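These notes are about the structure you will find just below.
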Amino acid sequence: MKLFGNWSYPTAVRFGAGRISEIAEACKAAGITRPLLVTDKGLATMEITTRTLDLMEAAGLGRAMFSDVDPNPTDRNVAAGLKVYRDGGYDGVVAFGGGSGLDLGKTLAFMAGQTRPLWDFEDIGDWWSRADPAGIHPIVAVPTTAGTGSEVGRAGVITNSETYEKKIIFHPLMLPKVVICDPELTVGMPKFITAGTGLDAFAHCVEAYCSPHYHPMSQGIALEGMRLVKDYLPRAYADGTDLEARAHMMSAAAMGATAFQKGLGAIHALSHPIGAHYHTHHGTTNAVCMPAVLQFNRPAVEGVLAQAAAYLGIAGGFDGFAAYVDDLNTALGIPRTLTELGVKDPDLDILVRDALNDPSTSGNPVQMTAGNTRRLFEALL
Ligand SMILES: [Fe+2]
């Protein structure tokens, strides 16, 4: 089967190996003539990035780049990037990278023509409607990992640099106009990033699937997304040049983010404050949290996860699914506890407070309280 296609769900996606060569056409289709490529410091000097800038320049689009992005992008990164963007007179963003480059790039395009401050657009109620849609610039998204799925999402996660809380900035027009999913861009990802990002995609699928909200489309996408991770993440981890595995993982990432419109849950509610305060890798932190959260949610999800196990060819219902997750974590070198992950002497009061304030909390199938959330953190340490 040739893993190549043009999709229009949930946005225009050009999927296939080598399709970064279409970056100039993608900008044109999005209405961008003067793009700013936004990525992170690590990617800024890598060959996949310079090659993309070469392609842009050859097409007369310039080779402007902003890469001053922390691993968890902050409001300070937004302010610095916005100054560069506005001073340079750019008319759109090429958001290039893993979660940090994609989320910062999307947020810069969103903020380009806004007059209100960033935190006015946090994903609370209808705050998104405060934005001036005419001031939102177009985005071409190019994922270079297979995890966040932010390329097909309508939000960006930005850390408040004063309170260390992760906030979601949301607007329907933050959905990129065009996405290039080129699995060749992920071939050079190191093993631990392949594992962590792949398990972020898995966490998106599992949490969306377990969320109690009614959204059968998401349910189907989440289930098949889990299957792709199960069949192809171990292959991508074992051999980073396995392009078929890389392609299916890139699809699984986009599927996870498409599915989690249905909701996330306690894995992300715990992982967000841990990442914001202790600067751990998002997907790896999710993976550490997942086994304990599955047990925590067991009373509500035993039946649906038994159905998922059956679809995935895992024997033993819920227990089989939980054992599979443990084995997958072990095979991919994921730490067993938050302590092993590097979280030392955490302030549990703050972690519990921030977890309960996290928007993912409302999607968890078991109600999270101060008491049970604290016990969950303690179990993970
Ligand atoms: Fe995530």
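The values are calculated or read from the model by the stated rules, or taken from the named source; none is laboratory data. In this text the structure is predicted, and so the values were computed from the model without any measurement. Because the Cβ atoms are built from the backbone with ideal geometry, glycine has one as well, and the counts that use them run over all protein chains shown. Quick note on the areas: whole protein, heavy atoms, side chains included, nothing else; ligands and nucleic acids left out. Shrake-Rupley method; radii C 1.70, N 1.55, O 1.52, S 1.80 Å.
If you go through the stretch 21-43 and keep only what is open to solvent by less than 40 Å² (accessible area, probe 1.4 Å) and over 20 Å from the mean Cα position of the chain (by Cα), you end up with GLU22, ILE23, ALA24, ALA26, CYS27, ALA30, ILE32, PRO35, LEU36. For the stretch 123-146, does any single residue satisfy the condition of being closer than 30 Å to ALA308 by Cβ, surrounded by fewer than 19 Cβ atoms within 10 Å (Cβ to Cβ) and within 16 Å of the ligand (Cβ to nearest atom)? Yes, that holds for at least one residue.
Residue-level check: of (1) in contact (Cβ under 8 Å) with a residue 24 or more places away in the chain; (2) open to solvent by 30 Å² or more (accessible area, probe 1.4 Å); (3) β-branched (Val, Ile, Thr), THR369 misses just (1).
The C-beta contact set for the stretch 84-103 (first residue more than 18 Å from LEU55 (Cα to Cα), second residue of a type in the set (Phe, Trp, Tyr), distance under 7 angstrom, 6+ apart or interchain) comprises VAL84/PHE66.
Could you please let me know if ASP345 is modelled with pLDDT under 95 and either out of contact with any strand residue (DSSP E or B) (no Cβ under 9 Å at 6 or more places or on another chain) or not assigned by TED's automatic domain parsing to the domain that holds LEU294 (or both)?
Details: modelled with pLDDT under 95: yes; either out of contact with any strand residue (DSSP E or B) (no Cβ under 9 Å at 6 or more places or on another chain) or not assigned by TED's automatic domain parsing to the domain that holds LEU294 (or both): yes.
Judged against the criteria, ASP345 is a match.
Only one residue in ARG51, ARG76 is closer than 25 Å to THR284 by Cβ, of a type in the set (Lys, Arg) and open to solvent by 60 Å² or more (accessible area, probe 1.4 Å). Which one? Residue meeting the stated conditions: ARG76. Residues of the stretch 338-364 being under 16 Å from GLY275 (Cβ atoms) and among the polar types (S, T, N, Q), which ones? Once the filter is applied, which keeps residues that are under 16 Å from GLY275 (Cβ atoms) and among the polar types (S, T, N, Q), the stretch 338-364 yields THR339, ASN357, SER360, THR361.
Taking the criterion of being surrounded by fewer than 23 Cβ atoms within 10 Å (Cβ to Cβ), away from the ligand (no atom under 16 Å from the Cβ) and either at pLDDT below 95 or among the aliphatic types (A, V, I, L, M) (or both), the residues of the stretch 190-240 that qualify are MET217, LEU223, ALA238.
Counting only strands (runs of 3 or more DSSP E) that sit completely within the stretch 112-174, those holding 3 or more residues that are over 13 Å from the mean Cα position of the chain (by Cα) correspond to 166-170. Applying the condition of being touching a strand residue (DSSP E or B) at 6+ places or on another chain (Cβ under 7 Å) and within 22 Å of ARG76 (Cβ to Cβ) to the stretch 151-164 and asking which residue is nearest to the ligand (Cβ to nearest atom) yields VAL157. Of the candidates GLY256, GLY275, the single residue that is within 11 Å of the ligand (Cβ to nearest atom), open to solvent by less than 10 Å² (accessible area, probe 1.4 Å) and closer than 24 Å to GLY320 by Cβ is GLY256. Of all residues in the stretch 153-165, those satisfying the criterion of being among the hydrophobic types (A, V, I, L, M, F, W, C) and either closer than 19 Å to PRO35 by Cα or open to solvent by 10 Å² or more (accessible area, probe 1.4 Å) (or both) are ALA155, VAL157.
In the stretch 174-217, which residues are β-branched (Val, Ile, Thr) and over 30 Å from PRO299 (Cα atoms)? Quick ask: steps written out before the conclusion?
Narrowing the stretch 174-217 to residues β-branched (Val, Ile, Thr): 178-180, 186-187, 193-194, 197, 206.
Hits for the stretch 174-217 are VAL178, VAL179, ILE180, THR186, VAL187, ILE193, THR194.
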